[in-house]
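Asker: I have a structure I would like to understand better, so I am pasting it below and will then ask my questions one at a time.
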Amino acid sequence: MSKLKNRLRNLPEDHFSNFSPPLSRLFLKIFGKIVVPLFFNLEIKGKGNFPNEGPLIIVGNHEGALEAVLMGSFTPLNVEMLAGSEFPQEKIVKVAKALYGCIPVKRMFMDKEALELSLYILQNGGVIGIFPEGGVWNVGEMEPKLGAAWLSYYSRVPILPVAFSGSKGAWHKALQFKRPTLKINVGEVMPPIDDVSEDNKKAALKEYSQNIWNVIDGLVPEKSQIITNRKFDLQIHLKDKNGKARNLPCELKLIYKSHLSQFLHNPGIIKLLNNNLQMPVEVLKDLENYHPAREFYEATASILKYLNNKNPYLLLYRVGIDKGLKMKKGIEELSKLAEWAKTNNLLIRITPLYEYDLPEKQQHVIKTKQDEFGKWI
């Protein structure tokens, strides 16, 4: 810890170059306080739980873009927010981040520079805002990351849990004059994790991170319905250009088809690949029809090239190491299958099966059609 403190004392001045001038941030806070009540029904509970000053780490759930706006505008403190920076982003997000001045963080691994800057801010009485889900691609199903717990442990700064509700797609509803409801529930301050031994530190941070998340989850006023007994499967259909069905060779049968199906039923990842990274994966969004095998090969080859050469952590970060590696195996199998089908001028149709129970409604659901990512702003 002493080495880390020395490094923080010697941080170069350009560590602060990502912060916007105070006037632009003040303008955004005032703009948010005026615009949000005009377009939305805003309900805030527990506002008295905010301390009068820092240091403090504000931790919230993340299902859309408006949580950042709400945290920045309706927190009675000046919040320095961590924001992902490893992918190209929508123009409106780029402009907002530039005006506000966020701390850029590469979410795929331990971003030491972002963590050190955050520690420096906390040690000087500042306030950090963080969303431990790390994104909005799989809302309610993602494990919280360790960043908030890590910062609290090393800075000895408390956590303030905040739950947001109603933000996903809310801005688009507001533009249709529907005036959707946004809710903010502010919990009670959680003390930093107690001192733990080096041998047990990682497990202790993980437990503390989960405790933070459990508190936030308990504060969420409107939760999604509970889903149990999830099962995934996948069917491959082949035919030639004359419409005659073709069988898949035994050596090309998919072993990781359930994980491939889970990948295809993840609209957030497909959207990221298609819109943000500009990959030719449109065919993966239209699986109800037959397509030339060439299109599936180009889609899977571009994904694998990116995973192998540029960002091997893309899937691992979003769904976990074991599941992410198996998803990649499934993509590799589909790529080999598509390459064989391409040389034989075949058409491919994929049916990804997603089966689950809704205990509250006593329903059993079988889905073959993919969900759309939807409006997240």
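Asker: When you scan the stretch 193-241, how many residues do you find that are in contact with a helix residue (DSSP H, G or I) (Cβ under 9 Å, 6 or more places away or on another chain) and closer than 30 Å to E288 by Cβ?
Answerer: 8
Asker: Check whether at least one residue in the stretch 324-339 is touching an Asp or Glu at 6+ places or on another chain (Cβ under 9 Å) and crowded, with 16+ Cβ neighbours inside 10 Å, and report yes or no.
Answerer: Within the stretch 324-339, one or more residues are touching an Asp or Glu at 6+ places or on another chain (Cβ under 9 Å) and crowded, with 16+ Cβ neighbours inside 10 Å.
Asker: Scanning the stretch 196-230 for residues that are part of a loop (DSSP other than H, G, I, E, B) and hydrophobic (A, V, I, L, M, F, W, C), which turns out surrounded by the fewest Cβ atoms within 10 Å (Cβ to Cβ)? Give the derivation first.
Answerer: Applying the first criterion (part of a loop (DSSP other than H, G, I, E, B)) to the stretch 196-230 yields 196-197, 220-227.
Applying the additional criterion that residues be hydrophobic (A, V, I, L, M, F, W, C) yields 196, 220, 226-227.
Values: V196: 15, V220: 16, I226: 11, I227: 14.
Top of the filtered list is I226.
Asker: Testing G268 on (1) over 22 Å from the mean Cα position of the chain (by Cα); (2) part of a helix (DSSP H, G or I); (3) more than 16 Å from K329 (Cβ to Cβ), one condition comes back false. Which one is that?
Answerer: (1)
Asker: When you go through (1) among the hydrophobic types (A, V, I, L, M, F, W, C); (2) touching a strand residue (DSSP E or B) at 6+ places or on another chain (Cβ under 9 Å); (3) assigned to a helix (DSSP H, G or I) one by one for L254, which number turns out not to apply?
Answerer: Against the list (1) among the hydrophobic types (A, V, I, L, M, F, W, C); (2) touching a strand residue (DSSP E or B) at 6+ places or on another chain (Cβ under 9 Å); (3) assigned to a helix (DSSP H, G or I), L254 comes up short only on (3).
Asker: Can you tell me which residue in the stretch 169-195 is surrounded by the fewest Cβ atoms within 10 Å (Cβ to Cβ), limited to those that are touching a Phe, Trp or Tyr at 6+ places or on another chain (Cβ under 8 Å) and among the β-branched types (V, I, T)?
Answerer: Within the stretch 169-195, the match that is surrounded by the fewest Cβ atoms within 10 Å (Cβ to Cβ) is T181.
Asker: Would you point out the residue of the stretch 280-294, among those that are touching a residue at least 24 places away in the same chain (Cβ under 8 Å) and of a type in the set (D, E, K, R), that is surrounded by the most Cβ atoms within 10 Å (Cβ to Cβ)?
Answerer: In this case the residue turns out to be R294.
Asker: Hey, can you tell me all the residues within the stretch 176-195 that are touching a residue at least 24 places away in the same chain (Cβ under 8 Å) and among the hydrophobic types (A, V, I, L, M, F, W, C)?
Answerer: We begin by selecting, within the stretch 176-195, every residue touching a residue at least 24 places away in the same chain (Cβ under 8 Å); these are 179-193.
Selection gives L182, I184, V186, V189, M190, I193.
Asker: Checking E360 against (1) at pLDDT below 90; (2) surrounded by 12 or more Cβ atoms within 10 Å (Cβ to Cβ): exactly one of these is not met. Which one?
Answerer: The failed condition is (2).
Asker: Sticking with this structure for a sec: Looking at the stretch 56-90, which of its residues are modelled with pLDDT of 90 or more and touching a Pro at 6+ places or on another chain (Cβ under 8 Å)?
Answerer: L56, I57, V59, G60
Asker: Report the residue count in the stretch 318-327 for those that are out of contact with any Leu (no Cβ under 6 Å at 6 or more places or on another chain) and modelled with pLDDT of 90 or more.
Answerer: 4
Asker: Moving on to the next point. For N289, which of the numbered conditions (1) of a type outside the set (A, V, I, L, M); (2) under 26 Å from the mean Cα position of the chain (by Cα); (3) part of a loop (DSSP other than H, G, I, E, B) fails to hold?
Answerer: Every condition holds for N289 apart from (2).
Asker: Yes or no: the stretch 162-178 includes at least one residue that is part of a strand (DSSP E or B) and more than 18 Å from the chain's Cα centre (by Cα).
Answerer: no
Asker: Checking G268 against (1) without any contact (Cβ under 8 Å) to a residue 12 or more places away in the chain; (2) farther than 27 Å from N345 by Cα; (3) among the small types (G, A, S), which single condition isn't satisfied?
Answerer: (1)
Asker: Looking at (1) out of contact with any helix residue (DSSP H, G or I) (no Cβ under 7 Å at 6 or more places or on another chain); (2) under 18 Å from H237 (Cβ atoms), which one does N276 not meet, given that it meets all the others?
Answerer: (2)
Asker: Restricting attention to the stretch 55-79, report how many residues are assigned to a strand (DSSP E or B) and either outside the structural domain of S165 (by TED's automatic domain parsing) or of a type outside the set (G, A, S) (or both).
Answerer: Residues meeting the conditions: 5.
The values are calculated or read from the model by the stated rules, or taken from the named source; none is laboratory data. Note that the structure is a prediction, hence the values are computed from the model and not measured. Positions of Cβ are generated from backbone atoms using ideal geometry, with glycine treated the same way; all protein chains shown enter the neighbour counts.
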